[in-house]
């Protein structure tokens, strides 16, 4: 019997939702509970991010550099980068909410479990679902609105190791959790 994981269609155009094989919150539980996994992710994150953003400029562009540095300081971009690196490496994804979509200065990191699935639609003149049309929030993050789908312009979705066919990234711990799940299932099956 075939049961679709998720999806729906509308009269205008097909709409699809993509979910992760293993919930991202479960992947990050491995980070929180296993000291080896935590130290591995932390080391990779520190190596990748270092002290944060470092800006340079050509001679005569010092004013522009000062403005960029001030912007980074005002929005605390170095801290956001450091906080983002661990879930990005661990589960391949991180989500930032732009509180004012046209103003990049108001950013808020969303909890990794906040996004339940990604809404996909067709790219113009193609019949393949590829274009992200929204981010469906979990019920616990929706507030009074029971159908909270965030506009893709309001979300910065960082993803790592993503294939062209997936809207979600694939992180180091996600691969490990998947491997452990497959191994446990195989061993239980063999023991019968």
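In this structure, residue 181 does satisfy being at pLDDT below 70 and surrounded by 10 or more Cβ atoms within 10 Å (Cβ to Cβ).
Could you check residue 21 against (1) part of a loop (DSSP other than H, G, I, E, B); (2) under 23 Å from residue 166 (Cα atoms); (3) modelled with pLDDT of 85 or more and say which number it fails? Going through (1) part of a loop (DSSP other than H, G, I, E, B); (2) under 23 Å from residue 166 (Cα atoms); (3) modelled with pLDDT of 85 or more one by one, residue 21 breaks only (3). The residue that is surrounded by the fewest Cβ atoms within 10 Å (Cβ to Cβ), among those in region 47-68 that are touching a helix residue (DSSP H, G or I) at 6+ places or on another chain (Cβ under 8 Å) and either at pLDDT 85 or above or over 24 Å from residue 103 (Cα atoms) (or both), is 56. Of all the residues in region 55-109, those that are touching a strand residue (DSSP E or B) at 6+ places or on another chain (Cβ under 7 Å) and touching a residue at least 40 places away in the same chain (Cβ under 8 Å) number 11.
Residue 93 - would you say it is farther than 14 Å from residue 152 by Cα and crowded, with 16+ Cβ neighbours inside 10 Å? Don't jump to the end; show me each part of the working.
Numbers: farther than 14 Å from residue 152 by Cα: yes; crowded, with 16+ Cβ neighbours inside 10 Å: yes.
Spelling it out, residue 93 is indeed farther than 14 Å from residue 152 by Cα and crowded, with 16+ Cβ neighbours inside 10 Å.
If I ask for residues that are modelled with pLDDT under 90, part of a helix (DSSP H, G or I) and either touching a helix residue (DSSP H, G or I) at 6+ places or on another chain (Cβ under 6 Å) or loosely packed, with under 15 Cβ neighbours inside 10 Å (or both), which ones from region 69-86 would you list? Answer for region 69-86, where residues must be modelled with pLDDT under 90, part of a helix (DSSP H, G or I) and either touching a helix residue (DSSP H, G or I) at 6+ places or on another chain (Cβ under 6 Å) or loosely packed, with under 15 Cβ neighbours inside 10 Å (or both): 71, 73, 74, 79, 81, 82. Taking region 87-171 as the region of interest, the strands (runs of 3 or more DSSP E) fully inside it that hold 3 or more residues being closer than 30 Å to residue 69 by Cβ, at pLDDT 85 or above and touching a helix residue (DSSP H, G or I) at 6+ places or on another chain (Cβ under 9 Å) are 93-100. Which of the residues spanning region 33-46 are closer than 11 Å to residue 90 by Cβ and surrounded by fewer than 10 Cβ atoms within 10 Å (Cβ to Cβ)? Residues satisfying the conditions do not exist here. State whether one or more residues within region 5-14 are outside any helix (DSSP H, G or I), under 14 Å from the mean Cα position of the chain (by Cα) and at pLDDT below 90. No - not one qualifying residue is present in region 5-14.
The values are calculated or read from the model by the stated rules, or taken from the named source; none is laboratory data. Remember, predicted model here, so these are calculated numbers, not experimental data. Methodologically, a virtual Cβ is constructed for each residue, glycine included, from the backbone with ideal geometry; neighbour enumeration extends over all protein chains shown.
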